[in-house]
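A short reminder: the numbers here are calculations on the coordinates, not readings from a lab. Values in this document were obtained by computation on a predicted structure and should not be read as measured data. With ideal geometry, Cβ positions are generated from the backbone for all residues, glycine too; neighbour counts draw on all protein chains shown.
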Amino acid sequence: MKLPDGAYELHKWVGRAIRPIETARFAKLRTAAPEEVRLRSEKLRGCELYHFQVSPFAARVRRALAELQVEIPIHDVLEDDAAFAALMRGGRRDQVPCLKIARAGEPERWLYESREIVRFLKETVGSP
Ligand SMILES: N[C@@H](CCC(=O)N[C@@H](CS)C(=O)NCC(=O)O)C(=O)O
């Protein structure tokens, strides 16, 4: 990511510090039974979120995932160099959040913009 010098480590450490707080907050939104979550998440098969923890735009998407009662693979590009490389290879823009959409029979897409991603998620899985 094009962050200022020194910001990588700071973002990583702040991210690690706040992750448990967000996890606890969003856990309260996750009200569906595990089997329902599994079934709903099937509609998002092939979707993976690239993000980093302290991004407020990424938080918008993570919240939507919790509210929609779905789970998808999530990659933190500050914690995982391979994930960052995959984002740059596929999406070609060092910006988060980005949703990789790789569905059978469709060309692979890398969707940027948190509001667009949330709209896609809602349209794809519907209301819980
Ligand atoms: N309008 C975008 C803003 C995304 C954005 O600014 N993301 C920041 C992190 S909070 C980013 O990736 N910055 C790195 C860069 O643009 O190089 C959205 O809603 O997703």
*Take Gly126 and decide whether it is within 15 Å of the ligand (Cβ to nearest atom) and either touching a residue at least 24 places away in the same chain (Cβ under 8 Å) or exposed (fewer than 15 other Cβ atoms within 10 Å of the Cβ) (or both).*
no
*Could you list all residues from the range 96-112 that are within 9 Å of the ligand (Cβ to nearest atom) and free of Cβ contacts under 8 Å to residues at least 24 places away in the same chain?*
Tyr112
_Scope the range 62-95; condition crowded, with 19+ Cβ neighbours inside 10 Å, over 15 Å from Arg19 (Cβ atoms) and touching a helix residue (DSSP H, G or I) at 6+ places or on another chain (Cβ under 8 Å); matching residues_ = Ala64, Leu68, Gln69, Val70
*Scan Val54, Val61, Val14 and give me the residue that is more than 19 Å from Ile117 (Cα to Cα) and within 16 Å of the ligand (Cβ to nearest atom).*
Val14
*Check Glu48 against each of (1) over 23 Å from Glu9 (Cα atoms); (2) within 10 Å of the ligand (Cβ to nearest atom); (3) touching a His at 6+ places or on another chain (Cβ under 7 Å) and name the one condition it does not meet.*
(2)
